[in-house]
Structure formats: C-alpha cells, structure tokens
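**Q** Attaching a single structure in structure tokens format; questions to follow.
The values are calculated or read from the model by the stated rules, or taken from the named source; none is laboratory data. What you see is a predicted model; the values in this text were computed from it and never measured. Cβ sites come from the backbone with ideal geometry, for glycine too, and all protein chains shown count toward neighbours. Only protein heavy atoms, including side chains, enter the accessible area calculation; ligands, DNA and RNA are left aside. Shrake-Rupley method; radii C 1.70, N 1.55, O 1.52, S 1.80 Å.
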Amino acid sequence: MAVVEMTKIKLVGLLYHKESILDALQRTGCTEVVSTPEISDTVYVTEEEKKSVVSSDYDRIKKAIDFLEEHIASSKGKSYYPNVVDGGNFFVSYDEFFSISEKEKDLFSLVSETERKSSVLTDNGNRRNKLVALKSQLEVYSGVKDKFVDFKDTERVKVFFGSVKQEKIDVLNEFLNEMPYSGVEVLKKSFESVIAVFTLKEFGQEVSTKLGEIGFTPCPFNYDVSADEEILRIDNEIKYLYAEDESADKFACVNYDKIKDLKILADNYKFKLEKIEDSEKFCCTVQTFILTGYFPKGYEEKVSAAINEVSDAVFVEMSEPSADDKPPTLTKNGPLVSQAEFVTDMYSSPDYREMDPNKVVFFFFMLFMGVIMADVVYGLAMIVFGRILARRIKVDNGPKKLWNVIAISGAFTMLWGALFNSYLGFSLPFYNAILPNPIPQGNDTSGLMSILLMCLLLGVIQIAVGYFCKAINSFRSGDVAEGIFGGITWVIFFIGFIFAAYTFIVSYLIKDVDTSTPVYQFFLQMQMPGLIIAGGALFVAAVTAGRREKGFGKFTKAFGAVYGLINIFSDILSYARLFGLLLSGMIISQTFNDMGTGMFSSGPAGIVLGVIVILAGHIFNLGMGVLGAYIHDSRLQYIEFFSKFYTGEGEKFTPIGSNFEYIYLTK
C-alpha cells in the first residue's frame with residue numbers, strides 16, 4: 001500500500017447545527033477539519049470566553065482524577081483498598097461517550113468535593129510542617145517539669161530562661177559568683193543544656209551581655225504548660241492531621257468506581273475544546289459557517305450519511321485535492337510494514353504527494369538491527385519480550401509499534417546469528433558458520449575485513465535504493481528529467497561502481513584472498529565494464545546537473561555533481577558503524593563468557609557464580625545493544641538514506657475527536 005488518497009470536503013451549514021455536525025463527523029472517525037481559506041463577506045469567529053470556561057473545567061476534572069488515583073495508590077495494602085484496580089486507557093462506545101453528559105452534574109459535585117479535600121490537605125500539610133518545626137524547638141526543653149510562664153521577672157529579680165552549651169556553664173558560674181544574689185540553675189543537662197539565670201535587676205544588663213557572649217539562646221515560648229505537655233498536644237494534633245489524610249484515602253477508594261466516568265467526562269471536555277478550536281478555522285457569516293476538511297477516498301457515502309442524519313439544511317461539496325491544497329497524510333500498510341511507520345514518523349510523516357517509504361525502511365531497518373545484534377538467543381529474547389510488551393498495549397499506537405519493531409528485528413537478529421553461528425556468544429561445534437567471525441583470530445584479520453566490506457556494501461545498496469526512490473518521487477510529480485538524471489543515473493553509477501571496485505577492495509582488505517573462486521572471477525571479468533558504466537553515468541550526471549541553469553551556472557553545477565561524490569562516499573563510510581556495533585557486541589559477549597567459564601573450575605559455587613556472571617553480562621549487553629542499535633540504525637535511515645529522496649514534512653492525518661487522553665472510542 002502507500003499514502004492513502006484523500007477526498008476534500010467543503011460544507012456550508014447553519015451555525016445552529018454546527019455542534020451536531022461536528023459530533024456527526026467525529027462519529028465517522030475519518031474526517032479531519034482544516035482551516036478554511038478566507039472568503040469575502042465572512043469572518044473567523046473566536047470564542048475565547050467559552051474556550052476558557054471549558055479549558056478550566058477540563059483541568060478541574062483532570063486534577064480530580066489525579067487526586068483520586070494518587071490517594072487510591074497510597075491506600076494499597078489497607079483494608080479499604082479496592083479489590084480490583086484497573087490501570088491504563090480503556091474502550092468506550094460512542095453512545096457511552098456522548099451520554100456522559102447525563103452524569104455531568106453528579107460528577108462535578110465529586111470534582112468539587114475533591115477540590116475541597118485537596119485544599120484541606122494542603123492546609124493540613126502546611127500546618128503539620130509548622131507543628132513539626134515547633135516540636136523540634138520544644139524538644140530542647142523536654143524534661144523540664146516547670147511551666148514556661150513560671151520563668152518570669154519579679155519586682156526586683158531579673159530571670160533569664162533558655163539554653164546554652166554545657167561547656168559554657170562554668171564560665172557563666174564564675175561570672176555570676178562576682179555578683180550578689182545571682183546564680184544559675186541547670187534544669188536539663190545535655191549538650192545544649194536548659195538553664196535559668198537569676199540576678200538583681202540592676203545587674204540585668206551586664207548579665208544579658210555576658211549571656212550573649214557565651215551563646216545563650218533565650219526561650220521563645222510562654223505557654224501555661226510544660227514542654228512535655230505541649231509536645232504531647234502537638235503529637236495529638238499531628239495524628240489528627242494524618243487521620244485527615246487517611247480520610248481522603250478512604251474517600252478516594254469509596255469513589256473508585258466513578259473514576260471511569262470522570263475519565264470519559266474529561267475526554268468529552270477535551271473533545272469540546274477541540275470543537276471550539278476547529279470552529280475557529282471556519283469562515284462564518286451571521287447565520288452560517290463554512291467547513292473544510294479531508295477524509296480517505298471511499299468514505300464519501302459514510303460521511304454524507306452522517307451529515308444528513310443531523311441536518312438537511314446543509315450544502316456539501318466533495319472533490320479531489322487541487323495542486324495548491326496540502327492534504328494530511330495517512331499511510332496504509334500491512335501488519336508488518338506498518339510497524340516501521342513509527343520509525344519514519346519519528347523523523348517526519350511523508351508528504352501527501354510523495355511515495356510512502358515505509359516498505360523500504362522496514363526492510364533496511366530490520367536488516368541492520370539484525371546485523372548489529374547478530375545472535376540467535378538475543379534475537380529470541382527480543383521476539384519474546386517485544387511481543388509481551390506490545391500485547392500489554394491495547395491500541396496500535398507508537399509505543400506498541402516500537403515494541404513490535406524490536407520483536408520483528410529479533411527475527412532478523414536470529415537469522416544473522418545463525419549465519420555467524422552465535423548463540424549467546426558461543427558457537428555450535430557441529431555447525432560451520434556461513435559468515436566468518438569478525439573477531440580477529442591471532443594475526444588473521446580476514447574475517448574482520450570481510451564483514452566490514454559486507455557492511456559497506458549494504459550501505460552502497462541502500463544509498464542506491466535511495467536514489468531509485470528519488471526517481472519514483474520525481475516521476476510521480478511529473479519531473480521525468482529529474483527522475484532520470486537525478487535518480488536513475490546515480491543508481492546505474494552505483495551498479496557500475498560495485499562491479500568496478502569489488503575485486504580491488506577485496507584484494508586490498510583481505511590478505512591472501514582466494515582469487516580462483518567463481519565470484520571473484522566473475523567480478524574480475526566485470527571490472528572494466530563496471531568502470532565504463534560508472535564513468536558514463538557520472539559523466540551524464542555531471543553534464544545534466546546544470547540543465548536548468550544558464551551560463552556559468554551549468555559549469556558550477558557539473559562540478560558540484562562530481563564533487564558531490566565525496567559526500568556520497570562519506571555516507572557509505574557511515575555504514576561502518578554497523579560493523580563497529582556488531583564487533584563490540586560480540587567482544588563484550590565473549591568477554592562475559594570467558595569470565596563466567598573461568599570460574600567453573602572452582603567447584604559448584606564457582607559454576608553457580610559463573611552462570612550468574614554470564615547471564616547478567618548478556619542481559620546488560622542485550623539491553624545496551626538494542627538501545628545502541630536502534631539509535632544508530634535510525635541515524636542511517638534519517639541522514640544517509642532519507643537525505644537522498646525523502647521530503648517529509650507531511651501533516652499526519654488526525655480525524656476530529658481521535659486524540660483522547662484516557663479512552664479509546666469504539667463503534
């Protein structure tokens with residue numbers, strides 16, 4: 001399949017029917033609304049006040065959902081915790097989605113109650129923090145039996161009550177001994193001792209100055225109770241505040257069954273917001289509106305029936321998009337190739353008028369992932385875990401496709417692993433590998449060079465395919481000359497280049513290569529024809545590069561085409577990263593194997609420990625390998641491959657009412 005053809009719809013209806021028509025289009029599940037070009041005697045209408053109210057209510061509902069789910073989660077293990085707690089998104093029918101308004105009043109009462117409780121809990125949290133800080137200060141005076149108010153001045157005596165470091169008390173005693181009717185009483189002896197200092201009022205200033213010098217801290221409290229009594233009161237108040245938190249947990253658990261309705265209501269309000277935003281794309285008169293949109297070709301009857309069901313006072317025009325239109329892009333591929341859409345869309349969706357690259361991306365992406373990982377057991381693990389994680393996701397969205405990509409690439413990993421005879425880094429003794437081991441065996445680097453050459457050859461092939469795709473896009477747009485000279489010519493160049501350079505590169509990279517093999521002899525005979533083909537193609541590309549230029553521009557374009565070979569060969573060298581990642585993964589794998597097997601000679605304990613080391617090492621190698629393979633494989637697609645032909649920048653087809661946060665709509 002490819003990019004799906006779109007039908008353009010232009011609709012003129014009464015403003016009175018606007019909401020019902022948008023609801024009807026949402027029910028079709030196949031119509032995207034776009035901005036209508038401005039028409040004379042019409043205006044764009046904004047509904048900022050309504051939008052603000054709906055947006056505010058939507059946020060309130062979401063906060064209520066978060067409040068309930070947070071407190072339900074904190075209740076886990078308690079007696080009132082719900083027996084069954086479902087997580088994630090869920091499926092909802094259209095009837096259930098639109099009928100949620102019947103429960104709106106009760107649900108907003110619940111929202112208001114969660115807001116009240118949330119406000120109370122916030123105040124309680126602030127109060128609790130203050131109490132904890134106060135308790136920390138009071139604990140300095142814990143154990144002092146007297147009330148705080150008992151430490152007050154009399155008519156002639158000045159009293160200082162507070163705390164000071166124990167080591168300073170002797171200094172204070174020496175000072176007070178020189179003053180008549182003065183003294184200090186240690187009420188609590190510790191690192192920070194609590195003391196009461198008594199002196200005549202006429203000596204108060206001198207004593208105060210001395211106390212400041214030795215680091216005395218005056219007591220800030222004046223309670224009519226002792227420190228222990230006040231601490232007990234604070235503890236009781238903190239317990240009460242925590243009980244309020246538990247009350248919120250119970251409230252959330254009791255209302256657990258209403259979370260589903262709240263989520264439906266939240267997405268219902270999200271749809272209301274979307275309708276308001278779409279309405280701002282309409283051109284309007286006093287009584288009518290003009291809607292423009294797109295839907296996949298073949299859905300004309302479905303869309304017409306949905307509109308006519310809610311309004312007969314409407315004019316509908318359906319047509320093919322014009323050259324000036326920019327329809328959204330919808331790709332339709334088989335169950336395997338469609339998983340590669342995740343990789344392509346991470347870069348950019350295809351432009352509506354270019355070829356869908358997903359088939360080619362699927363083949364090369366999976367192929368390269370297999371080359372990098374290249375182990376039968378690793379591939380099996382990727383298939384199993386990829387499918388398990390993909391099956392946990394209910395709809396075919398991005399994350400599900402990502403796990404499917406890993407699972408599918410696992411099959412290619414198994415294939416390449418079998419070719420290398422690699423099973424967790426071990427080789428089967430009764431099976432001869434088809435491909436040489438890239439890890440050098442002593443001074444023999446022939447295997448390493450052979451695999452490097454293979455990776456570079458894969459790069460040449462993919463880049464040639466990229467130019468072929470460029471030719472297809474040019475032919476589709478009617479630019480036949482660009483398709484031939486900017487696409488096919490370069491494909492022919494690469495074919496000739498492979499024939500011309502094969503024997504030279506093999507002889508240079510691989511020591512003592514067997515020149516008697518049929519493959520080597522075939523390429524040896526094709527060396528001169530390949531050189532002629534490559535040279536001729538390069539000459540044609542250079543001569544035709546400036547066909548649209550005038551004067552000196554023709555020469556500079558021709559020179560640029562030849563000079564561009566440097567960039568092309570630089571792109572080819574980028575495919576050496578396939579070899580580098582393959583080699584590093586194999587070396588790490590064999591290193592852990594050697595570490596583990598080296599422990600086997602230490603007896604049963606060594607065998608157990610060795611197996612643990614091997615398994616842990618391979619789990620690490622697999623995880624890091626998949627991450628690195630995905631990143632570098634994507635880079636090859638985006639930079640080396642897409643740069644040859646891919647325009648991208650398409651607007652992904654998003655039907656009205658299809659972008660929900662909590663639900664999946666079903667018919």
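**Q** Looking at (1) of a type in the set (Gly, Ala, Ser); (2) within 30 Å of residue 175 (Cβ to Cβ); (3) open to solvent by 10 Å² or more (accessible area, probe 1.4 Å), which one does residue 227 not meet, given that it meets all the others?
**A** Result: residue 227 passes all but (3).
**Q** Okay, next question. Could you pull out the residue among 361, 371, 377, 384 that is open to solvent by less than 10 Å² (accessible area, probe 1.4 Å), assigned to a helix (DSSP H, G or I), β-branched (Val, Ile, Thr) and within 27 Å of residue 589 (Cβ to Cβ)?
**A** Values: 361 fails: within 27 Å of residue 589 (Cβ to Cβ); 377 fails: open to solvent by less than 10 Å² (accessible area, probe 1.4 Å); 384 fails: open to solvent by less than 10 Å² (accessible area, probe 1.4 Å).
Exactly one of 361, 371, 377, 384 is open to solvent by less than 10 Å² (accessible area, probe 1.4 Å), assigned to a helix (DSSP H, G or I), β-branched (Val, Ile, Thr) and within 27 Å of residue 589 (Cβ to Cβ), namely 371.
**Q** Out of curiosity, is residue 151 touching a strand residue (DSSP E or B) at 6+ places or on another chain (Cβ under 7 Å) and either loosely packed, with under 15 Cβ neighbours inside 10 Å or in contact (Cβ under 8 Å) with a residue 60 or more places away in the chain (or both)? Lay out the reasoning, then the answer.
**A** Numbers: touching a strand residue (DSSP E or B) at 6+ places or on another chain (Cβ under 7 Å): yes; either loosely packed, with under 15 Cβ neighbours inside 10 Å or in contact (Cβ under 8 Å) with a residue 60 or more places away in the chain (or both): yes.
Taking the combined requirement at face value, the residue satisfies it.
**Q** Moving to a separate point now. For residues that are in contact (Cβ under 8 Å) with a residue 12 or more places away in the chain and either surrounded by 13 or more Cβ atoms within 10 Å (Cβ to Cβ) or of a type in the set (A, V, I, L, M) (or both), tally how many sit in region 36-62. Show your work before the answer.
**A** Taking region 36-62 first, the residues in contact (Cβ under 8 Å) with a residue 12 or more places away in the chain are 36-39, 41-47, 50-51, 54-55, 57-58, 60-62.
Now narrow it down to the ones that are either surrounded by 13 or more Cβ atoms within 10 Å (Cβ to Cβ) or of a type in the set (A, V, I, L, M) (or both): 36, 39, 42-45, 47, 50-51, 54-55, 57-58, 60-62.
Counting residues in region 36-62 that are in contact (Cβ under 8 Å) with a residue 12 or more places away in the chain and either surrounded by 13 or more Cβ atoms within 10 Å (Cβ to Cβ) or of a type in the set (A, V, I, L, M) (or both) gives 16.
**Q** Consider region 642-658. How many of its residues are open to solvent by 20 Å² or more (accessible area, probe 1.4 Å) and of a type in the set (Gly, Ala, Ser)?
**A** Matching residues across region 642-658 total 2.
**Q** Now a separate question. For the structure I just gave you, tell me whether residue 314 is touching a residue at least 24 places away in the same chain (Cβ under 8 Å), β-branched (Val, Ile, Thr) and open to solvent by less than 30 Å² (accessible area, probe 1.4 Å). It would help to see each step written out before you state the result.
**A** On the way: touching a residue at least 24 places away in the same chain (Cβ under 8 Å): yes; β-branched (Val, Ile, Thr): yes; open to solvent by less than 30 Å² (accessible area, probe 1.4 Å): no.
No.
**Q** Give the residue, chosen from 453, 524, 457, that is on the phi < 0 side of the Ramachandran plot and modelled with pLDDT under 85. Lay out the reasoning, then the answer.
**A** Numbers: 453 fails: modelled with pLDDT under 85; 457 fails: modelled with pLDDT under 85.
It is 524.
**Q** Quick test for you: out of 575, 662, 630, pick the one residue that is surrounded by 18 or more Cβ atoms within 10 Å (Cβ to Cβ), hydroxyl-bearing (Ser, Thr, Tyr) and within 30 Å of residue 327 (Cβ to Cβ).
**A** Working: 575 fails: within 30 Å of residue 327 (Cβ to Cβ); 630 fails: within 30 Å of residue 327 (Cβ to Cβ).
Checking each option against the conditions leaves just 662.
**Q** Considering only region 387-397, state which residues are part of a helix (DSSP H, G or I) and either touching a Pro at 6+ places or on another chain (Cβ under 7 Å) or open to solvent by less than 50 Å² (accessible area, probe 1.4 Å) (or both). If you could, list the steps in order and put the result at the bottom.
**A** Our first condition is that a residue be part of a helix (DSSP H, G or I); within region 387-397, this holds for 387-391.
Answer for region 387-397, where residues must be part of a helix (DSSP H, G or I) and either touching a Pro at 6+ places or on another chain (Cβ under 7 Å) or open to solvent by less than 50 Å² (accessible area, probe 1.4 Å) (or both): just 390.
**Q** I'd like the full set of residues that are at pLDDT 90 or above, open to solvent by 70 Å² or more (accessible area, probe 1.4 Å) and within 60 Å of the chain's Cα centre (by Cα), limited to region 172-212.
**A** Correct list: 189 only.
**Q** What about residue 99, is it surrounded by 13 or more Cβ atoms within 10 Å (Cβ to Cβ), under 30 Å from residue 11 (Cα atoms) and of a type in the set (Gly, Ala, Ser)?
**A** Details: surrounded by 13 or more Cβ atoms within 10 Å (Cβ to Cβ): no; under 30 Å from residue 11 (Cα atoms): yes; of a type in the set (Gly, Ala, Ser): yes.
So residue 99 does not fit the description; no.
**Q** If you don't mind, another one. Among the listed residues 106, 41, identify the single one that is under 24 Å from residue 293 (Cβ atoms) and more than 32 Å from the chain's Cα centre (by Cα).
**A** On the way: 106 fails: under 24 Å from residue 293 (Cβ atoms).
41 is the lone residue from the list that is under 24 Å from residue 293 (Cβ atoms) and more than 32 Å from the chain's Cα centre (by Cα).
Listed here are the residues, each with its yes/no results for (1) open to solvent by less than 20 Å² (accessible area, probe 1.4 Å); (2) of a type outside the set (Asp, Glu); (3) not in a loop (DSSP other than H, G, I, E, B).
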{"position": "399", "(1), (2), (3)": "no, yes, yes"}
{"position": "429", "(1), (2), (3)": "no, yes, no"}
{"position": "437", "(1), (2), (3)": "no, yes, no"}
{"position": "452", "(1), (2), (3)": "no, yes, yes"}
{"position": "457", "(1), (2), (3)": "no, yes, yes"}
{"position": "469", "(1), (2), (3)": "yes, yes, yes"}
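**Q** Can you tell me how many residues in region 121-148 are out of contact with any strand residue (DSSP E or B) (no Cβ under 9 Å at 6 or more places or on another chain) and open to solvent by less than 40 Å² (accessible area, probe 1.4 Å)?
**A** Narrowing region 121-148 to residues out of contact with any strand residue (DSSP E or B) (no Cβ under 9 Å at 6 or more places or on another chain): 121-139, 147.
Checking which are open to solvent by less than 40 Å² (accessible area, probe 1.4 Å) leaves us with 121, 124-125, 128, 131, 134, 138.
Total meeting the criteria: 7.
**Q** Do the conditions hold for residue 395, that is, is it among the aliphatic types (A, V, I, L, M) and under 19 Å from the mean Cα position of the chain (by Cα)?
**A** Values: among the aliphatic types (A, V, I, L, M): yes; under 19 Å from the mean Cα position of the chain (by Cα): yes.
Against the criterion (among the aliphatic types (A, V, I, L, M) and under 19 Å from the mean Cα position of the chain (by Cα)), residue 395 qualifies.
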